[in-house]
């Protein structure tokens, strides 16, 4: 039976490291324009460099793309990018807060920090996606999302440019879906659209 | 992750026993700090952490240290320092006396950066740099002026990007793993503990730095502290915040104007 997913998912968090940029851009390009969900992107990148990521993403979509500022409200239909050199956290009043505490898995922003902060707030209204990377960041975060009833998608390690990061997640949690990088954007589009996506028995 | 009621209990105890008020700190970040403390100091349960906090006043230093994050670097955000060099200092130079407040300065890298800028602009002799932090242990470091040698490559790069023309290594003496900064840089520094949550303004300043401190506060406390800065700034004084901070949503927004180049520097216009 077709189930209405349009309002079900309020937040989609996407984490990636080395080798994830292309998939990330593809996912953003395929996001449904009228989705009421908010999107948060945590991508490891060289610290200290001004963010070109926001501009790259903005090129791919009509949705507004923002480099997060402290205490910014989390709005629907908006893509938020975790800024370089800060951890990105979510507060109960649906605002972001930032933190420059020690790196986690050599990373700031850390995927774990954002995912673990989002999981208890959004529970089953959360979708977590973990992509390619050479680092163990994100595994604990994905586990937390799963434990709070969120929907989890892990990039198939074999098809990732660097399979280490998604594999680390799969070692400690059971993902709702393990997908080829190229399938993720299509699947997410369906997941956020009115009809239950093909092959989704959730 | 620690439960909300436990976090609140700890906050209450820290206030009633020691007068440190963390109740308006941003919760998501504070929760992580407590979790980290429990892992690093190996508390098997929250009850044992709470017990230690109540019974061992010496442990408080450690808690405050862990709760207040002390990550900083010299000439962090070099573009900002370039703007201070090129736009802010020429304005301050016209005044007979320059008072600068580094609020929440942690281990003082920013204060030394500023002293270097002032010296290069030939203004250090008529300046005073007030360096304050909540955490008594980190500010000891400012008085020593000793920083890890391993950071000097980064600081030197930052310094050059900020418009520095000297050889950065001329400002310190290297000894093993440490760099000791020139004594003359600290002759104009006044170092003290100051709690932005509970302490008042103590002077009028031409320039106030408070970078990556407000992010640890909730909106209510941010607003209070920004009001404190407003009342501590001279007319046409400058307020400098962290790279992802903004006064946009605060009560003082209307009294300040951000510099045109969009660096996080606001000028008090009324």
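Name the strands (runs of 3 or more DSSP E) wholly within the range B:201-270 that hold at least 3 residues that are touching a strand residue (DSSP E or B) at 6+ places or on another chain (Cβ under 6 Å) and crowded, with 18+ Cβ neighbours inside 10 Å? Break it down stepwise before answering.
Values: elements: B:205-210, B:233-241, B:256-258, B:265-268.
Answer list for the range B:201-270: B:205-210, B:233-241, B:265-268.
Results for (1) within 16 Å of the chain's Cα centre (by Cα); (2) under 23 Å from residue B:67 (Cα atoms), shown as yes or no for each residue.
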position: B:175; (1), (2): no, no
position: B:179; (1), (2): no, no
position: B:185; (1), (2): no, no
position: B:189; (1), (2): yes, no
position: B:215; (1), (2): yes, yes
position: B:226; (1), (2): yes, yes
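From the list B:37, B:129, which one is within 15 Å of the chain's Cα centre (by Cα) and within 26 Å of residue B:222 (Cβ to Cβ)?
On the way: B:37 fails: within 15 Å of the chain's Cα centre (by Cα).
Exactly one of B:37, B:129 is within 15 Å of the chain's Cα centre (by Cα) and within 26 Å of residue B:222 (Cβ to Cβ), namely B:129.
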Of the residues in the range A:101-119, those that are buried (at least 24 other Cβ atoms within 10 Å of the Cβ) and out of contact with any helix residue (DSSP H, G or I) (no Cβ under 6 Å at 6 or more places or on another chain) number 5
When (1) surrounded by fewer than 17 Cβ atoms within 10 Å (Cβ to Cβ); (2) touching a strand residue (DSSP E or B) at 6+ places or on another chain (Cβ under 6 Å); (3) touching a residue at least 60 places away in the same chain (Cβ under 8 Å) are applied to residue A:40, the one that fails is (1)
Would a scan of the range B:8-20 turn up a residue that is more than 12 Å from every other protein chain (Cβ to nearest Cβ), assigned to a loop (DSSP other than H, G, I, E, B) and touching a residue at least 60 places away in the same chain (Cβ under 8 Å)? yes
Per the list (1) within 21 Å of residue A:110 (Cα to Cα); (2) surrounded by fewer than 22 Cβ atoms within 10 Å (Cβ to Cβ); (3) modelled with pLDDT of 95 or more; (4) in contact with a strand residue (DSSP E or B) (Cβ under 7 Å, 6 or more places away or on another chain), residue check on residue A:135 breaks on (3)
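Within the range A:154-166, is even one residue surrounded by fewer than 24 Cβ atoms within 10 Å (Cβ to Cβ), within 30 Å of residue B:247 (Cβ to Cβ) and out of contact with any helix residue (DSSP H, G or I) (no Cβ under 6 Å at 6 or more places or on another chain)? Steps first, answer last, please.
First, pick out the residues of the range A:154-166 that are surrounded by fewer than 24 Cβ atoms within 10 Å (Cβ to Cβ): A:156-159, A:161-164.
Checking the rest, the ones that are also within 30 Å of residue B:247 (Cβ to Cβ) come to none.
No: zero hits.
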Checked B:106, B:115, B:131 against criteria (crowded, with 19+ Cβ neighbours inside 10 Å and within 13 Å of chain A (Cβ to nearest Cβ)); the one match is B:106
Just one listed residue, out of B:37, B:80, B:60, B:49, is in a helix (DSSP H, G or I), within 14 Å of another protein chain (Cβ to nearest Cβ) and farther than 25 Å from residue B:150 by Cβ, and it is B:37
Among residues of the range A:59-77 being surrounded by fewer than 16 Cβ atoms within 10 Å (Cβ to Cβ) and part of a loop (DSSP other than H, G, I, E, B), the residue nearest to the other protein chains (Cβ to nearest Cβ) is A:75
State whether one or more residues within the range A:143-155 are touching a residue at least 60 places away in the same chain (Cβ under 8 Å), over 23 Å from residue A:61 (Cα atoms) and more than 14 Å from chain B (Cβ to nearest Cβ).
yes
Considering only strands (runs of 3 or more DSSP E) wholly within the range A:93-189, the ones with at least 3 residues that are more than 16 Å from the chain's Cα centre (by Cα) are A:96-99
Restricting attention to the range B:24-34, the residues that are more than 10 Å from chain A (Cβ to nearest Cβ) and more than 18 Å from residue B:12 (Cβ to Cβ) number exactly 0
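The values are calculated or read from the model by the stated rules, or taken from the named source; none is laboratory data. Small disclaimer: the values here were computed from a predicted structure and weren't measured. FYI the Cβ positions are ideal-geometry reconstructions off the backbone, even for glycines, and counts take in every protein chain you see.
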